[in-house]
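Derivation of every value follows stated rules applied to the coordinates shown; laboratory data play no part. What you see is a predicted model, and the numbers here were worked out from it, not measured in a lab. We place every Cβ from the backbone using ideal geometry, glycine too, and count neighbours over all the protein chains shown.
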Amino acid sequence: MKIVTFNVRYDKPDPGNNAWVWRRRVIAELMADWDADLIGTQEAKAHQLLDLHRRLSNYQSVGVDRLGNGLSEYCAIFYPQQRWHCLKHGDFWLSETPHLVGSITSDWKNPIPRMVSWGVFAGAGSNKPIVIFNTHFDYESQQARELSVQLIRDRLSQFNPDEYLFMVTGDFNAEPQSLPRKTLLEPLSNGVQLHDALAEIDLEEQMSYHEFTGKGFAAVDTIYYDSRLNLDRVSVDRTQIDRVWPSDHFPIIAQFNG
């Protein structure tokens, strides 16, 4: 079972080779090459998702945008329809009113709405359905990141671990030793223990944000996985195609056995 997290960079637009018109082909080529089971993406807007779906007919995706009007960024989860079936999916907002679309809590001090898109997927890659939460934390407010982790932990704990396995993918806008990242490693109230897929490699190798330079300088993207899964290998994909970087973030790819 191969899981990917990837901040694809919203269509700003960016100049030169960094423009979406060039990057969309490269991203689609990479996604086809990965042949992943679940891909948690961050930042893509509706037209970017459509561009990818046009090039990747075997993939479906779930998730809404953070404003709920189709005009803002998504945390879409891609999956190959031939191998995986989405049993249910949903979205919630990282605020004190998570059921309200586009909601912000002023005390959290994040300037824009943040959210989680989630799904429950059944397929040949796992002996139990996978519950996957995909998110993009706020980059300005430490308080928002800390409270977002608590909300995610509360929501994950509502699922029965006897029935499901768990994953959290995302751009956490926080380094591995920060409080939000360490809090995700604490056991959930339902007994589930999550591990950071990148934890056993050197910090220098975890650097995923590179601002289209090819040289990572912030370790903000990762995959948290259920301790009952066996991590076979993990990598930060630094592939460049025809002098085009797919994004200003490197994708993280984790392979699991059982």
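Considering each residue of segment 180-230, count those that are farther than 18 Å from residue 133 by Cβ and among the hydrophobic types (A, V, I, L, M, F, W, C), and give that number.
Taking segment 180-230 as the starting set, the residues that turn out to be farther than 18 Å from residue 133 by Cβ are 199-219, 230.
So of that shortlist, the ones also among the hydrophobic types (A, V, I, L, M, F, W, C) come out as 199, 201, 203, 207, 212, 217-219.
So the count comes out to 8.
Out of the residues in segment 17-66 meeting the condition of being charged (D, E, K, R) and in a helix (DSSP H, G or I), tell me which one is farthest from residue 122 (Cα to Cα).
It comes out as 23.
What residue, among those in segment 187-200 that are closer than 19 Å to residue 171 by Cα and not aliphatic (A, V, I, L, M), is surrounded by the most Cβ atoms within 10 Å (Cβ to Cβ)?
As a first pass, look at segment 187-200 and keep what is closer than 19 Å to residue 171 by Cα: 194-200.
Checking which are not aliphatic (A, V, I, L, M) leaves us with 195-196, 200.
Values: 195: 16, 196: 19, 200: 9.
Restricting to residues being closer than 19 Å to residue 171 by Cα and not aliphatic (A, V, I, L, M), the top hit is 196.
Scanning segment 11-24 for residues that are touching a strand residue (DSSP E or B) at 6+ places or on another chain (Cβ under 9 Å) and surrounded by 17 or more Cβ atoms within 10 Å (Cβ to Cβ), which turns out nearest to residue 255 (Cα to Cα)?
23
Looking only at segment 80-103, filter to residues that are aliphatic (A, V, I, L, M) and surrounded by fewer than 20 Cβ atoms within 10 Å (Cβ to Cβ); which one of those is nearest to residue 33 (Cα to Cα)?
Here the answer is 87.
In segment 109-129, what count of residues is obtained for those that are farther than 30 Å from residue 232 by Cβ and in contact (Cβ under 8 Å) with a residue 40 or more places away in the chain?
4
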